[in-house]
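Please read the structure below before turning to the comments.
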Amino acid sequence: MKYCLYSIILLLACASSCYSIALPVLSPANASLTGVVTDAKTSKPLYGAAVTIPDLKLVTATDSLGRFSFRNLPTGTFLAEVKFEGYRSVTRNILLSGSARQDFNLEESATEINEVVVTGTSKATQIRRNPVPIVSVSHDYLVTNLNTNAIDAIAKIPGVRAVTTGPNVSKPFIRGLGYNRILTLYDGVRQEGQQWGDEHGIEMDQYSINRVEIIKGPASLSYGSDALAGVVNLIPTPHAPEGKMIGDIVADYQTNNKMFGGSAMLSATQNGLEWLARVSHKQATNYQNKVDGRVFGTSFNETDANASVGIHRKWGYSHLNLVLFDDLQEIPDGSRDSATWKFTRQITEADTVRQIVSDADLNSYKMTPLHQHVQHYRVFSANNFILGDGSTLLVNLGYQRSVRREFSHPETPYQDVAGLFLQLSTYNYDIKYSLREIDNWGITFGVNGMYQQNTVTNGTEFVIPSYHQFDFGPFATAKKTFGKLDIAVGVRYDIRTFHNDQLYSKPNPISGFDTPVYGSDTTGADKPFSNYDHTFSGATGSLGATYSFSDKFSVKANISRGFRAPNIAEISANGVHPGTNFYQIGNANFQPEFSVQEDIGLVFSSKYAVIELNVFNNFINNYIYNQKLIGVNGQDSVIVPGNSTFKFQASRANLYGGEFSIDLHPFKGFHFENSISAVYALNKGIAGGKAVSDTEKYLPFIPPVHGISEIRFDFDSKAFGMKHGFIKLQMEYYAAQNRIYSAFGTETATPGYTLFNAGIGGSFVNKQGNTVCSVYIMGNNLFDVAYWDHLSRLKYFYGNYQNPAPDDNPREHGIYNMGRNISFKLDFPLNYNLRK
């Protein structure tokens with residue numbers, strides 16, 4: 001890989017030698033784009049087709065004559081995309097200089113492989129021409145699949161899963177890897193909360209997400225550490241088109257946990273000035289299944305808001321965004337009464353006697369004293385400056401603050417005293433300079449990173465120390481098109497400086513809780529954390545190519561090297577993390593993870609079928625994983641009663657597998673979509689170390705083989721005034737997962753299961769063809785199957801049992817996943833023309 005990186009650097013140096021890097025002035029010219037969108041077969045205009053210029057974040061819709069227009073545009077070459085339901089989208093690179101006109105003819109098609117993506121690229125590009133494995137998830141997919149949070153909404157995508165702690169806490173997994181190996185973005189800006197925590201979800205309003213782009217593989221080249229396994233970019237609702245005011249009001253109810261949610265959004269744009277505002281809320285009581293009944297400790301109450309203002313001019317655009325997230329979240333501990341098997345609650349600090357939870361409390365929306373309060377605030381500025389010579393400068397700056405309080409004291413007057421109290425401040429920066437394309441060469445230089453500070457001393461329990469870190473990562477990428485061949489290449493070097501603060505603590509003489517102490521008070525105090533300084537660094541790179549044999553068939557290949565510095569918990573954890581039932585121990589001697597992944601992909605698309613095959617092989621050095629510790633007596637190692645002890649270990653790892661999908665569309669409106677994904681993960685042990693035992697030969701917590709088959713029929717009904725109607729039946733298959741890390745009782749096998757889901761919905765329109773209301777009725781797990789998802793942490797909450805009981809007594813296992821759930825959703829859109 002070292003010699004490959006040297007070759008890439010040489011190639012970039014040669015390619016950029018003909019350019020001047022001196023920063024030119026902003027573009028002084030003013031351009032416009034107009035055109036008409038029509039049906040390629042009938043030449044009739046298409047009313048309501050979406051026309052987008054992704055790099056300028058501009059979108060508009062065609063009028064009743066199929067016309068569209070953009071005014072006050074910068075000069076240069078930009079990719080334009082046109083979409084209309086039931087038609088294959090069209091993309092074109094358009095030279096904007098003065099008054100440009102471009103008409104589009106769309107062909108009817110039930111298939112779609114021409115999606116345009118912006119994640120991990122310097123300029124918008126078609127997926128089928130991008131050698132990196134990436135998938136785009138549309139807004140229609142998000143609203144026509146039942147989910148309870150933003151990450152669950154994508155967990156059925158082949159190769160993507162989620163580790164969960166109940167219905168509102170989910171973290172993305174891509175091809176068997178998650179936590180700090182997956183970077184979650186919000187509109188291209190990295191999301192920084194407390195990703196290291198098992199029960200720490202992604203702080204995101206699901207109603208604000210318009211679409212999602214997912215990179216399946218190392219994206220360290222574009223984003224640095226924490227993107228070793230992939231990227232999930234959650235892209236919010238765009239601003240209104242020029243001269244329009246748009247909005248929507250959403251009402252949502254789910255039967256299983258009595259969840260009700262709602263969201264209201266309004267946006268307007270006039271003369272290049274734009275604004276958007278949204279407020280959302282959702283609330284649920286405890287979910288239920290047919291074995292456990294209602295699962296105590298799974299209620300939540302979440303309120304979100306976001307607002308943005310922006311300006312579009314001939315020099316580009318500038319946006320300012322504000323996002324607020326506030327979640328009250330319960331986490332179960334699994335404890336039950338041994339006689340009745342009903343859930344119990346902690347009522348005293350000593351926890352020697354428990355109270356059985358009443359049916360009234362199980363059905364209540366009220367938060368219990370033991371809960372989490374998670375607040376996340378984000379402000380960021382996104383700017384794209386079009387320079388005079390056709391080059392571009394992207395400058396994204398952001399600040400976010402995550403405040404996490406986990407209340408673990410059940411008795412008055414200390415119920416409002418947080419056990420874990422984490423306050424994380426992050427300053428993000430991302431700067432990219434893209435040179436003007438010459439001879440189809442696209443070259444970008446950039447640097448991004450962050451400064452981060454985490455304070456933990458305001459609580460009574462300390463599982464990690466306070467720390468600060470600084471990330472710095474310069475990079476360069478190049479892309480070249482040779483007719484049907486696209487080649488992409490890039491290099492990067494990351495540096496992370498890291499400092500942990502030492503911590504002394506003593507019991508408070510009044511409350512008895514641990515309290516930080518300083519100076520002379522440290523005499524006789526515990527010292528769970530010491531000062532620690534370290535610098536992690538590493539080079540990464542990527543080389544890939546796509547060859548399009550025709551518009552119907554293309555082949556991709558990519559090799560990339562990923563980098564990830566160890567996170568704070570892996571290095572320094574030393575304590576009980578509330579909500580996990582774990583005493584966690586870190587290891588200060590860890591080195592960064594480095595991966596090398598090879599990807600090959602094939603795509604065939606015709607009017608009647610889309611067939612995709614993607615395979616990968618990923619080898620990781622210094623792979624860090626969590627292992628349960630066993631005492632000298634062969635039983636669980638217990639440092640704090642009631643908590644199993646886990647310690648992070650490092651090894652070499654090999655993950656391989658892939659995804660295969662075939663979508664058949666034999667006639668208009670009918671879809672038969674099938675996919676299967678698999679990942680196998682081997683623990684290769686330490687280089688030169690002892691052989692790996694049979695109980696350790698697999699990596700822990702790898703999702704099983706997963707398949708989905710869906711039959712869907714799309715229709716319009718003039719008699720009922722309905723457009724974009726659908727009815728579907730879906731089968732989800734999960735194989736048994738017996739390839740587990742069973743050593744020391746770290747992980748247990750999970751039996752396979754099959755779930756059936758269904759949905760029906762559509763949009764009711766008025767005489768003018770405008771949508772009045774969209775209605776969706778969807779159901780998951782229709783046959784109320786009792787099952788464990790292999791990545792559900794609640795599977796290991798055994799209550800009063802340290803280990804699972806035999807299979808013939810399911811009551812003495814961990815907590816089952818959600819049973820049957822039916823969702824009813826109404827969406828009322830708003831659409832007005834503004835006065836000029």
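At a glance:
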quantity	calculated
Loop-located trypsin sites (Lys or Arg not before Pro) in segment 310-368 whose Cβ has at most 11 other Cβ within 10 Å (DSSP)	Lys366
Cβ-defined net charge surrounding Asp198, 14 Å radius [Lys, Arg +1; Asp, Glu -1]	0
Heavy-atom accessible surface of segment 173-288: percent carbon and sulfur, 1.4 Å	60 percent
Average Cα contact separation per residue, the chain, under 8 Å, 6 or more apart, as relative contact order %	11 percent
Which labelled figure in (i) 120, 65, 46; (ii) 93, 51, 48; (iii) 77, 65, 50 is Cα extents along the principal axes in Å, once derived from the coordinates	(iii)
Relative packing of 87-93, 655-661, 226-232, which averages over residues the other C-beta atoms within 10 Å, highest first	226-232, 655-661, 87-93
Packing-based ranking, highest mean first, of 540-550, 152-162, 561-571 given that Cβ atoms within 10 Å are counted	561-571, 152-162, 540-550
Probe 1.4 Å - accessible area at Lys44, Å² to nearest ten	130 Å²
Inter-label distance, nm, simple model (7 Å from Cα along the C-beta direction), Asn589/Ile711	6.0 nm
Rounded tilt (10° steps) of 2-16 against the dominant C-alpha axis of the chain	30 degrees
Heavy-atom accessible area per residue - segment 651-719, 1.4 Å, Å²	51 Å²
Exposure ranking of Met778, Met367 by accessible area [1.4 Å probe, largest first]	Met367, Met778
For segment 491-592, accessible area per residue (1.4 Å probe, heavy atoms of protein chains only), Å²	42 Å²
Fraction of beta bridges assigned by DSSP in the chain that are antiparallel (%, nearest 5)	95 percent
Cα-projected label distance for Asp551 with Ala609, points at 7 Å along beta-carbon direction, nm	2.0 nm
Inter-centroid distance (Cα atoms) of segment 539-559 relative to segment 107-158, Å	18 Å
Cut-off 17 Å (backbone N to label point 7 Å along Cα→Cβ of Phe672), residues of segment 597-623	606-612
Accessible-area composition of segment 409-538, carbon plus sulfur, in percent [1.4 Å probe]	54 percent
When each of Lys83/Lys480; Lys690/Lys795; Lys83/Lys282; Lys41/Lys156 is checked by Cα-Cα distance, pairs over 30 Å	Lys690/Lys795; Lys83/Lys282; Lys41/Lys156
Too-long pairs where the Cα-Cα distance tops 32 Å, listed order kept, from Lys432/Lys668; Lys57/Lys484; Lys57/Lys607; Lys171/Lys825	Lys432/Lys668
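The values are calculated or read from the model by the stated rules, or taken from the named source; none is laboratory data. In this text the structure is predicted, and so the values were computed from the model without any measurement. Here Cβ is always computed from backbone atoms with ideal geometry, including for glycine, and neighbour counts include all displayed protein chains. Surface areas here come from the heavy atoms of the whole protein model, side chains and all, with no ligands, DNA or RNA. Shrake-Rupley method; radii C 1.70, N 1.55, O 1.52, S 1.80 Å.
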